[in-house]
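A short write-up of the structure that comes next.
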Amino acid sequence: MRILLTNDDGIHAEGLASLERIARTLSDDVWVVAPEQDQSGYAHSLSISEPLRLRKIGEKHFAVRGTPTDCVIMGVKKILPAAPDLILSGVNSGANIADDVTYSGTVAGAMEGALLGVRSIAFSQAYSYVGEDRVVPYETTEALAPALLKKLVATPLPDGVLLNVNFPNCPPEEIASTVVTSQGKLVHSLWVDERRDGRGLPYYWLRFGREPVEGKHGTDLHAMRNRLVSVTPLQLDLTAHEIRDQLTKALAWP
């Protein structure tokens, strides 16, 4: 099995090294093509207004000055000797659940893989803060992902479907089980934080504001809050099929 790895935290991220160790429990033919720099929040974006720069940093390890989507395309279309059998994206520093899925570069890496017809899975690990330091228990993902990955690889998936896997913020021995979930809904908004530079000129940061919510049973939010590994099947088809008939009637010609 040939496996292509990518992420959005960058080529030197601890989570990517963790993912490579996980991938090597399945195969020795593992390739890494990841962003040169952190690309968190870039979602499914392409670099089409500037060139892509490629740098080989080791055997089967490449850095791309671009997005996770760029990396997957470069890996499949340019770098690998043949198309991979599996694309893994992550392990992201932080969960990618609910609305965050739409912003996630990690999920986007798997999304691009699915678009290219390759089985693709995104992995993310929830974390906490100790003081001002982010503490990400990658050991939880590393302990549980190999066995889970073997099951997921053996399970048939329809075309255009990818898997989004999230591990809760706790030691592996405290995980109750793995559940198949739906995408939850967060209560949050973005606001613009205005600041001033050394010359007094304004600049801006986008910031998240969130309210505590109780995730509905069966969602990724509920799973994470109850120390369950969440596996969410996502699809590329964004059509709201349930209202097509309603729209057809509303737009019918006289």
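Annotations
- Considering only residues in region 161-184 that are open to solvent by 20 Å² or more (accessible area, probe 1.4 Å) and within 17 Å of the chain's Cα centre (by Cα), the one that is nearest to residue 234 (Cα to Cα) turns out to be 161.
- Single unsatisfied condition, residue 83 versus (1) of a type outside the set (Val, Ile, Thr); (2) open to solvent by 70 Å² or more (accessible area, probe 1.4 Å); (3) within 29 Å of residue 159 (Cβ to Cβ); (4) over 10 Å from the mean Cα position of the chain (by Cα): (2)
- Among residues of region 54-73, those that are of a type outside the set (Asp, Glu) and out of contact with any Phe, Trp or Tyr (no Cβ under 9 Å at 6 or more places or on another chain), counted: 8
- Some residue of region 115-133 being part of a loop (DSSP other than H, G, I, E, B), closer than 22 Å to residue 227 by Cα and of a type in the set (A, V, I, L, M, F, W, C): yes
- A search for C-beta distances below 7 Å between a residue of region 162-181 that is without any contact (Cβ under 8 Å) to a residue 40 or more places away in the chain and any residue that is assigned to a helix (DSSP H, G or I) and of a type in the set (Asp, Glu), counting only pairs 6+ apart in sequence or on different chains, returns 172/139.
- Filtered residues of region 182-211 (kept if among the acidic types (Asp, Glu) and without any contact (Cβ under 8 Å) to a residue 24 or more places away in the chain): 193, 194, 197
- Of all residues in region 210-251, those satisfying the criterion of being of a type in the set (D, E, K, R), touching a strand residue (DSSP E or B) at 6+ places or on another chain (Cβ under 9 Å) and modelled with pLDDT under 95 are 210, 211, 216.
Okay, residues lined up against (1) under 22 Å from residue 223 (Cβ atoms); (2) surrounded by 17 or more Cβ atoms within 10 Å (Cβ to Cβ):
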{"position": "104", "(1), (2)": "yes, yes"}
{"position": "126", "(1), (2)": "yes, yes"}
{"position": "132", "(1), (2)": "no, no"}
{"position": "135", "(1), (2)": "yes, no"}
{"position": "151", "(1), (2)": "yes, no"}
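- Qualifying positions in region 3-20 - more than 14 Å from residue 72 (Cβ to Cβ), more than 12 Å from the chain's Cα centre (by Cα) and either assigned to a strand (DSSP E or B) or not hydrophobic (A, V, I, L, M, F, W, C) (or both): 10, 12, 14, 18, 20
- Qualifying position, being modelled with pLDDT of 95 or more and more than 23 Å from residue 115 (Cα to Cα), among 20, 14: 14
The values are calculated or read from the model by the stated rules, or taken from the named source; none is laboratory data. Note that this is a predicted model, so its numbers are computed, not measured. Please note: Cβ atoms are built from the backbone with ideal geometry, for glycine as well, and neighbour counts cover all protein chains shown. The protein model used for the area step is the full one, side chains on, heavy atoms only, and it has no ligands, DNA or RNA in it. Shrake-Rupley method; radii C 1.70, N 1.55, O 1.52, S 1.80 Å.
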